[in-house]
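Beneath this line is the structure, given in structure tokens, with notes to follow.
The values are calculated or read from the model by the stated rules, or taken from the named source; none is laboratory data. Not measured: the values here are computed from a predicted model. So basically every Cβ, Gly included, is an ideal-geometry build from the backbone, and we count neighbours across all protein chains shown. These accessible areas exclude ligands, DNA and RNA; they are computed on the full protein's heavy atoms, side chains included. Shrake-Rupley method; radii C 1.70, N 1.55, O 1.52, S 1.80 Å.
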Amino acid sequence: MTFDALDTWWWPYLFILLGGWLATDSFRFLGVYLGGRLSETSEVMVLVRAIATAFVAAVIGNLIVFPGGELRATPIALRIGAAAIGFVTFLLVRRSVLAGVVAAEIVLAAGIMLTM
Amino acid sequence: MWYRGFMSIEGDIPTAALRLRWFFRGALKTISLPGFLLAISFVGFSGLAAESGFTVTQVVFMTGVVWAIPAKVVLIGAVMSGNTLPAAALAVALSSVRLMPMVVVLIPEIRGPRTPRWVLYALSHLVAVTSWVLALETLRNVPRNLRTSYYFGIGSTLVATNMVVVFLTFSVAEHLPPLLSASLLFLTPIYFLTSLWSSSRERSGKFAMVFGMVLGPGFHTLLPGADLFIGGIVGGLAAYGAHRIIRARSTA
């Protein structure tokens with residue numbers, strides 16, 4: 001049964017519900033079930049926090065190294081360099097997220113205009 | 001008596017007016033850099049969905065019921081390549097495994113002494129990276145028995161706002177100039193990179209960021225589809241191990 005299998009108005013919505021909502025919220029609900037059993041200060045929680053953080057970090061890494069859309073056309077060295085400069089700026093300027101984002105964007109935009 | 005005032009903050013059942021006030025504080029918290037960056041990411045997502053042949057109602061519906069952007073991108077990709085419903089659901093499920101540990105971390109933080117379980121299940125639907133990072137940064141300043149109201153304010157405002165963003169930008173998102181489009185796409189990873197570093201409160205979290213960022217792209221070409229999973233599990237275990245080794249050395 002594919003997305004175009006039935007020519008009715010409701011089939012795409014049922015497809016999104018079963019293939020999207022159920023597949024995603026199952027893991028959120030499993031997290032509630034397991035999270036209700038753990039204290040936020042327990043040692044297991046330190047491990048779970050590390051795994052959750054590493055998951056998000058893997059998403060960040062992929063968005064920089066293997067991006068989509070127009071960003072894919074830019075050189076990989078430019079994206080990694082811009083991210084690194086943004087991160088160092090963030091550390092130097094009182095841990096300001098805004099300063100880091102602005103620095104990274106300036107480097108990226110300058111790089112795009114010079115190379116393309 | 002002073003302790004009665006203290007008790008009403010930490011232990012008693014809060015009044016509806018107090019709950020509403022903290023709901024709005026949560027909602028206002030989303031008018032910030034992360035909220036803005038998420039809306040920008042949704043403009044990009046909207047363009048992707050429009051190019052893929054979905055209707056605007058289907059995409060707004062998908063935003064409300066799935067919410068996490070990576071899961072929706074995987075769902076659209078699976079539909080585009082003609083996958084069957086079970087195959088699409090499996091791919092989306094794999095991309096959503098990472099939400100489980102995030103919810104496990106959040107639940108003990110937002111749970112009050114008398115919070116019913118159904119409230120936690122309902123609130124978990126709002127968990128995605130932005131609301132998670134925003135909540136972990138600010139929850140410690142929220143009274144324990146009002147944290148569910150506060151998180152509901154953050155999460156529901158983000159979902160509702162971005163359903164509107166998708167609706168409004170659906171027809172224009174694919175026609176942006178390339179330089180603007182590339183800059184917009186770069187905002188999200190840099191924002192997550194810096195804000196996640198700020199919200200990770202222990203050494204193991206900082207190790208986890210470094211390992212995850214290297215392992216995710218490292219396994220992207222080796223084992224496509226399992227890269228996030230390996231980056232998360234192996235990166236997280238290695239970070240915890242490194243943290244244990246350093247702690248053992250410093251106390252020995």
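With respect to the conditions (1) modelled with pLDDT of 90 or more; (2) more than 23 Å from B:THR188 (Cβ to Cβ); (3) not charged (D, E, K, R), A:ALA83 falls short on a single one, namely (2).
Filtering the range B:97-111 to residues that are outside any helix (DSSP H, G or I) and either open to solvent by 10 Å² or more (accessible area, probe 1.4 Å) or modelled with pLDDT of 95 or more (or both) leaves B:VAL97, B:ARG111.
The set of residues in the range B:128-141 being aliphatic (A, V, I, L, M) and either open to solvent by 20 Å² or more (accessible area, probe 1.4 Å) or under 14 Å from B:ALA68 (Cα atoms) (or both) consists of B:ALA128, B:VAL129, B:VAL133. Just so you know, in the range B:191-240 the residues that are among the β-branched types (Val, Ile, Thr) and farther than 20 Å from A:ALA83 by Cα include one that is least open to solvent (accessible area, probe 1.4 Å), and it is B:ILE230. Give the number of residues within the range A:1-44 that are acidic (Asp, Glu) and under 21 Å from the mean Cα position of the chain (by Cα). Final tally of qualifying residues: 1.
Quick grid of which residues meet (1) among the β-branched types (Val, Ile, Thr); (2) under 22 Å from B:VAL65 (Cα atoms):
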position	(1), (2)
B:PRO101	no, yes
B:ARG111	no, no
B:THR115	yes, no
B:LEU126	no, yes
B:ARG144	no, no
B:PHE152	no, yes
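Could you look through the range B:73-100, keep only residues that are in contact (Cβ under 8 Å) with a residue 24 or more places away in the chain and more than 7 Å from chain A (Cβ to nearest Cβ), and pick out the one that is farthest from B:TRP132 (Cα to Cα)? Checking each candidate, the answer is B:MET80. Among the residues of the range B:107-121, those identified as farther than 21 Å from B:THR63 by Cβ and either at the interface with chain A (Cβ under 8 Å from one of its Cβ atoms) or touching a strand residue (DSSP E or B) at 6+ places or on another chain (Cβ under 9 Å) (or both) are B:ILE107, B:PRO108, B:GLU109, B:ARG111, B:ARG117, B:LEU120. Taking the criterion of being part of a helix (DSSP H, G or I), open to solvent by 10 Å² or more (accessible area, probe 1.4 Å) and of a type outside the set (Val, Ile, Thr), the residues of the range B:46-77 that qualify are B:LEU48, B:ALA50, B:GLU51, B:GLN58, B:PHE61, B:GLY64, B:PRO70, B:GLY77.
The rows are residues; the columns are (1) more than 7 Å from every other protein chain (Cβ to nearest Cβ); (2) buried (at least 19 other Cβ atoms within 10 Å of the Cβ); (3) polar (S, T, N, Q).
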residue: A:TRP11; (1), (2), (3): yes, no, no
residue: A:ARG37; (1), (2), (3): yes, no, no
residue: A:GLU43; (1), (2), (3): yes, no, no
residue: A:ALA50; (1), (2), (3): no, yes, no
residue: A:PHE55; (1), (2), (3): no, yes, no
residue: A:GLY61; (1), (2), (3): no, yes, no
residue: A:THR74; (1), (2), (3): no, yes, yes
residue: A:ALA83; (1), (2), (3): no, yes, no
residue: A:VAL88; (1), (2), (3): yes, no, no
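The residues listed here are A:VAL93, A:VAL97; of these, the one that is open to solvent by 50 Å² or more (accessible area, probe 1.4 Å) and of a type outside the set (D, E, K, R) is A:VAL93. Has the range A:61-74 got at least one residue that is part of a loop (DSSP other than H, G, I, E, B) and among the small types (Gly, Ala, Ser)? Looking through the range A:61-74, at least one residue is part of a loop (DSSP other than H, G, I, E, B) and among the small types (Gly, Ala, Ser).
Where helices (runs of 4 or more DSSP H) sit wholly within the range B:142-252, those with at least 3 residues that are at the interface with another protein chain (Cβ under 9 Å from one of its Cβ atoms) occupy B:178-199, B:203-222, B:227-251.
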